[in-house]
1. Using the Cα centre of the range 11-112 as the reference point, and only Cβ charges (+1 on K/R, -1 on D/E), how large is the resulting charge dipole? Debye, rounded to the nearest 20.
2. What is the diffusion coefficient of the range 11-112 in µm²/s, taking the Kirkwood radius over Cα pairs and the Stokes-Einstein relation at 10 °C with a viscosity of 1.306 mPa s?
3. Could you please rank 26, 145, placing first whichever residue has the fewest other Cβ atoms within 10 Å of its Cβ?
4. Neighbour counts of other C-beta atoms within 10 Å: give me 68, 256 arranged from fewest to most.
5. Order of 81-92, 96-107 by packing, highest average Cβ count within 10 Å first?
6. Cα extents of the range 183-224 along the three principal axes, largest first, in whole Å?
7. For residue 226 and residue 201 in the same chain, what is the full-extension length gain: residue separation times 0.36 nm, less their Cα-Cα distance, in nm?
8. If you put +1 on each Lys and Arg Cβ and -1 on each Asp and Glu Cβ, how big is the dipole of the range 143-261 around its Cα centre, in Debye rounded to 20?
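A short reminder: the numbers here are calculations on the coordinates, not readings from a lab. As the structure is a prediction and not an experimental result, all values here were calculated from the model. Heads up, the Cβs are rebuilt from the backbone with ideal geometry, glycines too, and the neighbour counts pull from every protein chain shown.
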Amino acid sequence: MISCVVQAQPFFLKSTSGGKPFLMNIYYGTDGKGAYVKYRGQQGVIPLKLKSQTVQDKTSKLKVTYVWDEVIEGKVTGTYKLSQQANQISAASYWRNKDGKLFKLEQVKNQDDYAGKVSYLLHGVLLSFSQGMDEQLTFDYPDQITKKAHLPGFDSPDPQRKGSIDDYNFDGYDDVAFSIPDAGMGVYRTFTIYLYNPMSKRFELLAEPNDDRAKCSGFCDVTLDQKNKLLLTSCRGGANWWNNVYKYTASNHLTWISSKKAEN
């Protein structure tokens, strides 16, 4: 399966059919997860539940189509469909359940609205961060509690922070990670990972393993082996590339399993 990471969001959309036009921002992350809509002139946000993701690679530009259910007070009230190609919206629509009305949507280019700010809605928690130099990370929880944290700063000429949504500890709940180019040559990315705790309903920073046997310090180029429930990292040490393997204990602590040179 191809994992699709959104590089430019939110997308600013306006209706082009169905009477008086309305405006909205639509936010989403990796593979369409963490999605929500915020209508201009209205308070609050509307969660979107992913129904499907379709990837087409018939041309030089990858086309991804998402379908989400609009969920208000636990009820599905409509459906959004959006096709993204090269960080542009090629087609979008909204189906309103109460009267069966279909609204066509189109992207509005407004760079001031974007300004590098990114947001996800995960487990009812609104997460906000910047892709640029601003290091602040904000968690707005459903119980009206707001928590703020600082993400690592940049020592790279390419200051681009990326967010990704995945189940990083294999417990069935999506977590969130943020990555930036390494401070050296920028050949790999270093990750900061927050795990969602379903008991406390809070996001908690995943501590970096402290094991002298590991060939990489910190989380570098993180990938997941979902089948074997392993977290993998890769980095360059001296003239060699190294792959490191970690596994979670029963108490949800990450432990080192092995390190070996990467095959050329």
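1. Working: 17 positive and 8 negative charges, 44 e Å.
Once rounded to the nearest 20, the dipole reads 220 debye.
2. Using the Kirkwood radius from Cα pairs, D works out to 113 µm²/s.
3. With the sparsest Cβ surroundings first, the list reads 145, 26.
4. Numbers: 68 24, 256 16.
By the 10 Å Cβ count, ascending: 256, 68.
5. 81-92, 96-107
6. Computed over the range 183-224, the largest-to-smallest principal extents equal 39, 23, 19 Å.
7. Values: separation 25, 0.36 × 25 = 9.00 nm, distance 2.31 nm.
That works out to 6.7 nm of additional length.
8. On the way: 15 positive and 15 negative charges, 42 e Å.
Dipole magnitude for the range 143-261 comes out near 200 debye.
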